[in-house]
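Just so you know, all these numbers are worked out from the coordinates, no wet-lab data involved. Just so you know, these numbers come straight off a predicted model, no measurement behind them. Methodologically, a virtual Cβ is constructed for each residue, glycine included, from the backbone with ideal geometry; neighbour enumeration extends over all protein chains shown.
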Amino acid sequence: MKLAKVIGVVWATQKVPEIKGCRLFVVQPVNGVDMKPKNKPIVAADPHSLAATGDYVVVVTNTDATQAFDSGFAPVNASIVELVDDLD
Amino acid sequence: MFLARVKRKVVASAKHPAYNGKRVFVVQTVNPEGKEKGEEWLAMDYVSAGIGDIVVCGGAPGVAKDIFKLDLAPIRTLIIAIVERIDYKDGNRYCTVQLR
């Protein structure tokens, strides 16, 4: 689980049926302590329509990303699971 | 598994149903002396940790699903222990760090 900032949207009409109706975002992983960008941006699926451009989100990667979908199966590598309001 | 210090709490209102009623913290890995080493992760609380605690974090696919008894759990890293004391060997010296 990583903190990331949504920096863009990926538009695609032709998608595998498992991710139909799910938006895809370009997210930049950030350091949770000083909020500085780190590593390269990745594409994350948003199965529960939580995020918009500019938001900070919690991203899960690898096997756990598929669990974010109601079907429990989707060919994705990263999913958005929380929209961050604030960090105490 | 890794040793980490709890740094911040993530406050979120819109979340995946599996995250309802659970706390997520920003944790930063530390070396055995308790000094912050750099890399930070997000981890879900399972032992009622607080900000500033040294904790053990870990996780594997499917673990969160079993312990929270959920059908779908997009959760990886969990805070699985709050550290009280660390004994380690630094060269030929045996060291103890008492945290609470």
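Of a type in the set (D, E, K, R), free of Cβ contacts under 8 Å to residues at least 24 places away in the same chain and farther than 14 Å from B:ALA14 by Cβ: does that describe A:LYS20? Explain how you work it out, then say what you get.
Values: of a type in the set (D, E, K, R): yes; free of Cβ contacts under 8 Å to residues at least 24 places away in the same chain: yes; farther than 14 Å from B:ALA14 by Cβ: yes.
Yes; evaluated as a whole, the condition is true for this residue.
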Within region B:43-69, restricting to residues that are among the hydrophobic types (A, V, I, L, M, F, W, C) and over 22 Å from B:VAL11 (Cα atoms), the one that is surrounded by the most Cβ atoms within 10 Å (Cβ to Cβ) is B:VAL63
For region A:63-88 the number of residues that are more than 7 Å from chain B (Cβ to nearest Cβ), touching a strand residue (DSSP E or B) at 6+ places or on another chain (Cβ under 8 Å) and more than 21 Å from B:LYS9 (Cβ to Cβ) is 6
The residue from B:ASP87, B:ASP53, B:ASP45, B:ASP71 that alone is touching a residue at least 40 places away in the same chain (Cβ under 8 Å) and of a type in the set (D, E, K, R) is B:ASP53
Next on the checklist: Please verify whether A:PHE25 is in contact (Cβ under 8 Å) with a residue 40 or more places away in the chain and within 11 Å of the chain's Cα centre (by Cα), treating the condition exactly as stated.
Outcome noted: yes
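So, of the residues in region B:1-42 that are of a type outside the set (A, V, I, L, M, F, W, C), in a strand (DSSP E or B) and within 7 Å of chain A (Cβ to nearest Cβ), which turns out to be surrounded by the fewest Cβ atoms within 10 Å (Cβ to Cβ)?
Only one residue fits best here, namely B:SER13.
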The residue that is farthest from B:VAL27 (Cα to Cα), considering only those in region B:67-100 that are more than 18 Å from the chain's Cα centre (by Cα) and outside any strand (DSSP E or B), is B:ASN92
Filter region B:43-61 for residues that are assigned to a loop (DSSP other than H, G, I, E, B) and more than 24 Å from A:HIS48 (Cβ to Cβ); the one that is nearest to the other protein chains (Cβ to nearest Cβ) is B:ILE51
